[in-house]
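All of the numbers you see were taken from the coordinates with simple rules; none came from a lab. Note that the structure is a prediction, hence the values are computed from the model and not measured. As a convention, Cβ positions derive from the backbone with ideal geometry for all residues, glycine included, and neighbour counts pool all protein chains shown.
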Amino acid sequence: MNPKKILVTGCAGFIGSNLTARLVRDGYFVVGLDNLNDYYNPLWKIENISSYENNKNFNFFKGDILNADLLDRLFKKYQFDYIAHLAARAGVRPSILDPKLYEEVNVRGTLNLLDLAKDYKIKKFIFASSSSVYGNQSKVPFSESDPVNSPISPYAATKKAGEMLCFTYSHLYNLSTICLRFFTVYGPGGRPDMAPYLFTQAILKRKPIKKFVTGTTSRDYTYIDDIVDGISSAIKYECKYEIFNLGDNHPITLNKFINILEKITGKEAIIQNAEMQPGDVHSTYADIRKAKK
């Protein structure tokens, strides 16, 4: 019996590479697409896929989701059963500096894939959304049924736009689509632009770290294996269109986070107090009852 074929966009990133490893192990045939951009060191991304790049059930293509001709060739050649669309320009603060790039990649790139998914009758389209769509709402925990009409960064706005496009294609073309809202993913091999890596490195090298709003902000840190479990389960879940939070449901404050790092490293952090950054939210807190159910 031939294995199910799945396209994983952003396959060399932190989440994408962990998902790809799981899918290959579980018997899928994975086509990985990644443009290996320089948002952080591309060598890290190449290292991410090195453990399975020679596996017979994995084919890697360096390319962009904005390249419609490349995408069409891949869909025509492989006749995918599923798509796990994780490729995106990431990061709240960089999106404020270059909103047009974020709109182009995160919105137009998603639309390119949805259009092909429709044409090639894909069985399931998984879209990687973000907790950032909830903005600075005061109601906690954040539920999938909450209004998400107040994104406070271009990045968040593009993720909301992606969800809306997924709904539209599901409605018009009966495309089975699931949007997964990830909450601050961490773990081995995590992105070097995120707090777990940045703060740990700074503490170990005796460099200062910035503590925003006296350390009272909080994040619902979610371990990478739990995120991969969620994506894997979503691929098998039968529905027309659904949104699921994938979080830990236990947010911790920045102060507690820094204290944990100090205990692990055995070093005291050098603190620089700072004001809230544009686009940042005060807290994230996932209601995960729907995903559990």
On the first, second and third principal axes, largest extent first, how far apart are the outermost C-alpha atoms of the chain in Å? 55, 42, 38
If you average the sequence gap of Cα pairs under 8 Å that are 6 or more apart and divide by the length of region 1-42, what percent do you get for the contact order? 46 percent
Cβ charges +1 (Lys, Arg) and -1 (Asp, Glu), total dipole of the chain, debye: 360 debye
Pop out the ³J(HN,Hα) list for region 143-148 in order, Karplus 6.51 cos²θ - 1.76 cosθ + 1.60 with θ = phi - 60°, rounded to Hz; leave Gly and Pro as x. 10, 4, 8, 5, x, 10
For region 80-129 and region 189-206, what is the separation of their Cα centres, given in Å? 28 Å
Suppose a student asked you for the relative contact order of region 161-262, using Cα pairs under 8 Å spaced at least 6 residues apart; what percent would you report? 41 percent
Once Rh for region 143-268 is found with the Kirkwood sum over Cα pairs, what is the Stokes-Einstein diffusion coefficient at 20 °C and 1.002 mPa s, in µm²/s? 127 µm²/s
Could you check the simple spin-label distance between ARG73 and LYS240, using points 7 Å along Cα→Cβ, in nm with one decimal? 3.8 nm
Along the Cα→Cβ direction, 7 angstrom out, place labels at ASN2 and ILE270. What is the inter-label distance in nm? 6.0 nm
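What FRET efficiency do you get for ARG108 and HIS171 if R0 is 22 Å and r is their Cβ-Cβ distance, rounded to the nearest 0.05?
Details: r = 20 Å, r/R0 = 0.91.
FRET efficiency, ARG108 to HIS171: 0.65.
Only Cα pairs under 8 Å and at least 6 apart count here; give the relative contact order of the chain as a rounded whole percent.
19 percent
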So which of LYS159/LYS236; LYS100/LYS290; LYS159/LYS207; LYS4/LYS293; LYS45/LYS77; LYS62/LYS263 end up more than 29 Å apart by C-alpha? LYS100/LYS290; LYS159/LYS207; LYS62/LYS263
At 7 Å along the Cα-to-beta-carbon direction for both ASP115 and GLU53, put a label point, then send me their distance in nm to one decimal. 3.1 nm
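For LEU43 and GLN277, FRET efficiency with R0 = 30 Å and r from the beta-carbon atoms, rounded to 0.05?
After rounding, the FRET efficiency stands at 0.60.
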For region 30-123, what are Rg and Dmax over the alpha carbons, in angstrom? 14.2, 41
Using the Kyte-Doolittle scale, find the helices of the chain whose mean hydropathy is at least -0.5 and whose Cα atoms extend 18 Å or more along the helix's long axis, counting only whole DSSP H runs. 154-173, 224-236
Between SER143 and LEU66, what is the FRET efficiency for a Förster distance of 25 Å, r being their Cβ-Cβ separation, to the nearest 0.05? 0.15
For the charge dipole of region 53-202, defined by +1 on Lys and Arg C-beta atoms and -1 on Asp and Glu C-beta atoms about the Cα centroid, which residue among ILE96, GLY63, SER176 has the Cα displaced farthest towards the positive pole? SER176
Taking amide H positions as placed 1.01 Å from N in the peptide plane, with prolines and chain starts having none, which residues 5 or more places from LYS211, or on another chain, fall under 5 Å of its amide H? GLN272, ASN273, ALA274
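On average over all directions, what projected area in square nanometres does region 75-122 have, based on the convex hull of its Cα atoms?
Here the figure is 3.5 nm², rounded to one decimal.
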Of 158-165, 267-274, ordering from highest average Cβ density within 10 Å down gives 158-165, 267-274
Using only the alpha-carbon atoms, what does region 210-293 span along each of its principal axes? Please give whole angstrom values in decreasing order. 49, 30, 17
